[in-house]
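Enquirer: Have a look at this one.
The values are calculated or read from the model by the stated rules, or taken from the named source; none is laboratory data. Please read these numbers as outputs of a predicted model, since none were measured by experiment. Note: ideal-geometry Cβ built from the backbone for every residue, glycine included; neighbour counts use all protein chains shown.
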Amino acid sequence: MSEFWKGMLIGFFLGIVASLIAAYLWDVKTRIRAYVAARRLVGTWVAYDFEGRTIASTPMQGAGLTVVSLSRDWWAADSGLLDVHAQDIDPSTGQTREHHGSIVLDPVKPWLATRILRYRDSDEVSQQRLEIDLKDWKTVRVFPDPTVATIGNVYPPHAWRRAS
């Protein structure tokens, strides 16, 4: 075999190895970026109604605390996936309805996310679009999607503010 073909063969295999290494490093960078963005949302949040173009100064009636946690590691494929636990409180009876779900961050724009929640006492499912305030990451605007909810347009747009 001539030196030309040996060089071509070695170059071909080295190119494949370099491509695999580059793809792996790019994936690790993406996972770290998702993890860092997700970690910024961890904590306890309080819901507030919108009053026209501003967020109300008093918490939303009937909304309990929303607790966001991250149980994944930075190297996990789902490193940007958050767990959410919250409750709705019926103002007339005081009874609570627990719900839990996930927040999935947009991999390209980590200040945008989707929240999918399920109520524990029924088959009710809801989906919401989240927009995180880039100034300080202490405000999240929540826009329910009635087309992806088992009982339609029940929840108005609202916002979360960090409690802790």
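Enquirer: Name the single residue that is nearest to Asp123 (Cα to Cα) among those in segment 138-164 being aliphatic (A, V, I, L, M) and out of contact with any strand residue (DSSP E or B) (no Cβ under 7 Å at 6 or more places or on another chain). I'd like the intermediate steps shown before the answer.
Expert: Here is the first cut: in segment 138-164, the ones aliphatic (A, V, I, L, M) are 140, 142, 148-149, 151, 154, 159, 163.
Within this subset, residues satisfying the condition of being out of contact with any strand residue (DSSP E or B) (no Cβ under 7 Å at 6 or more places or on another chain) are 151, 154.
Values: Ile151: 10, Val154: 15 Å.
For segment 138-164, the residue satisfying everything is Ile151.
Enquirer: Would you check which residues across segment 71-104 are over 16 Å from the mean Cα position of the chain (by Cα), part of a loop (DSSP other than H, G, I, E, B) and acidic (Asp, Glu) and list them?
Expert: Asp90
Enquirer: Could you tell me which residue of segment 107-132 is modelled with the highest pLDDT, considering only residues that are surrounded by 15 or more Cβ atoms within 10 Å (Cβ to Cβ) and outside any strand (DSSP E or B)?
Expert: Trp111
Enquirer: Another question about this same structure. Give the residues of segment 56-70 that are in a strand (DSSP E or B) and either surrounded by 18 or more Cβ atoms within 10 Å (Cβ to Cβ) or touching a residue at least 40 places away in the same chain (Cβ under 8 Å) (or both), sorted by residue number.
Expert: Matches in segment 56-70: Ala63, Gly64, Leu65, Thr66, Val68.
Enquirer: Within segment 36-52, restricting attention to residues that are more than 14 Å from the chain's Cα centre (by Cα) and β-branched (Val, Ile, Thr), which residue is farthest from Val67 (Cα to Cα)?
Expert: Val46
Enquirer: Cβ-Cβ distance below 7 Å, separation of 6 or more or different chains: which pairs start in segment 120-140 with a residue that is closer than 23 Å to Gln95 by Cβ and end on one that is of a type in the set (D, E, K, R) and not in a strand (DSSP E or B)?
Expert: Gln128/Asp145
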